[in-house]
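The values are calculated or read from the model by the stated rules, or taken from the named source; none is laboratory data. Computed from a prediction, not measured in an experiment: that's the story for all the values here. Reconstructed Cβ throughout: ideal geometry from the backbone, glycine too, with neighbour counts over all protein chains shown.
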Amino acid sequence: MRILLSLLSLSFSVSMAAEHPEILFCMFERTGLLYDQFFDDPPRSLNCGNSTYCQKVTANYISVGDKRTHIVLKGCDGIDVPGAFYGPKCEREGCYEITASGEKYQLCCCKGDHCNAASTALSISLIAATLMTILTR
């Protein structure tokens, strides 16, 4: 079911991106623990407007008070989880380690629609959505 929903979302996004090349579409997903709060948001396409980058933030640490964080966040540049995490802005393409509030994160920044998907199943879905859009025109 998740794959089907992702496929439908990507199909719509691909057609929007073709009509509006200035709009960036990124994958949105929150999976794992953030300060002991569990997230399992299924992947979906997100309209990022005129953002330059898509992001993927990976964190794995135990904070003050023994609250565990082991999470992957994907979305538009400057990912945030209101009240818990405010992501940094990308300065360049590529992956690099950053430190924020004393914690280390892996930050990956890329340009291009759905470039932060980084999943075989989603890549296949994206290819299928692109082909469906092209074939139905």
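General remarks:
- The set of residues from the range 80-100 being in contact with a Pro (Cβ under 9 Å, 6 or more places away or on another chain) and in contact (Cβ under 8 Å) with a residue 12 or more places away in the chain comprises just one member, ALA100.
- In the range 43-67, the residues that are under 15 Å from ARG30 (Cβ atoms) and of a type in the set (Lys, Arg): ARG44, LYS56
- Of the residues making up the range 106-118, one or more are at pLDDT 95 or above, touching a Leu at 6+ places or on another chain (Cβ under 6 Å), closer than 12 Å to GLU29 by Cα and in a loop (DSSP other than H, G, I, E, B).
- The range 41-62 - residue that is loosely packed, with under 15 Cβ neighbours inside 10 Å and touching a residue at least 40 places away in the same chain (Cβ under 8 Å) and, of those, farthest from CYS90 (Cα to Cα): PRO42
- Residue count, the range 63-76 (criterion: out of contact with any Asp or Glu (no Cβ under 6 Å at 6 or more places or on another chain) and either within 14 Å of LEU33 (Cα to Cα) or buried (at least 20 other Cβ atoms within 10 Å of the Cβ) (or both)): 9
- GLY102 being surrounded by 13 or more Cβ atoms within 10 Å (Cβ to Cβ), at pLDDT below 85 and under 20 Å from ASP36 (Cα atoms): no
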